[in-house]
Amino acid sequence: MTRRGWMRAAPGVFSGWASGAGTDAWWGRRARASSSSASSSASRARVVARGEGEAPEGCVRRDVRGRVVRFCRARELRAVAALQAEAFYDPVMGRAVGFTPLDAPLRAYFELDVLGALRKKYAYAAMGRFAPLVMESEDGRLIGAIELSVQRDFEVMRALEDVRGSTRDDEYAYLSCMCVDEDFRGQRIATSLVRAGEKVAITWGFNLTTLHVYEENDAALRAYERCGYKVLDRPFRTPYDVVKNQRKLLMAKRVR
């Protein structure tokens, strides 16, 4: 049986992300004051850009043990892909049966697919539209990862429109692909990753973060609820969800 990250995001690493957003009158929208939009964009460009195609550098957050959550470097994408593949790959015969000889090449292809998707998304890091965040252990090993991106999805925008009268042009901050190395579970690493993603979303000008989680994933659902996320919607089930007999929940949180 492969090692698995206890925190699993909804599928979408490879086929394009769905996204999430909020339910109450108080769920906020992205600040858009026209008088400050130009200066805000310029400021964000200065903060985010650290060279073409590169994410910003430096610590975003430290946990109680002093471990750092920081922006992933381009040279670390392969390690992040390996961590995500360990978390999200499902054996052909299911988890109960575990790995079979057929899984070895499929697992390798899966990881390559994850890596290819990460590299494509990383091109948007310097523009402040994608932030891959990682936590490293005291010895420098990558032990957790989460992605933050700027999204615009029809289903989510419709939910936002129903809730807060947003326009089709709005965008929202979306957390996804969170995973934690199994050797480090139970240490609130997922919480640190989520908090770090929220912090970056605030610097990008958002006051709302969204995510998807499977309803059947009790541990992840409870963790997100402890972080302050609320269930907003139960989106349409994709064919993949039907086959896997699972349902995604749309969750959101106001972060400022």
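We did not get these values from a lab; they are worked out from the coordinates using the rules stated. Since the model is a prediction, treat every value here as computed from it, not as a measurement. When we count neighbours, we look across all protein chains shown, and the Cβ atoms used for this are built from the backbone with ideal geometry, even at glycine.
Here the Kirkwood formula, the inverse mean of 1/r across different C-alpha pairs, assigns region 34-254 a hydrodynamic radius of 18.6 Å.
Would you mind getting me the FRET efficiency between residue 152 and residue 183? Use the beta-carbon distance for r and R0 = 51 Å, nearest 0.05. Numbers along the way, then the final one.
Values: r = 37 Å, r/R0 = 0.73.
Calculated value: 0.85.
One decimal place: the segment residue 74-residue 124 gains 16.8 nm when fully extended, by the rule 0.36 nm per residue minus the C-alpha distance. Going by a ≥ b ≥ c, the root eigenvalues of the Cα gyration tensor, does region 150-256 fall in the rounded group (a/c under 1.5), the prolate group (a/b larger than b/c) or the oblate group? The shape class here is oblate. Placing +1 on the Cβ of every Lys and Arg and -1 on the Cβ of every Asp and Glu, with nothing else charged, gives region 34-254 a dipole about its Cα centre of roughly 580 debye. The count of lysine pairs in region 34-254 that are at least 8 places apart or cross chains, and whose C-alpha atoms lie under 19 Å apart, stands at 4. Just want the answer: with Cβ charges of +1 for Lys and Arg and -1 for Asp and Glu, which residue in 146, 109, 204 is farthest toward the dipole's positive end in region 34-254? So the residue we want is 204.
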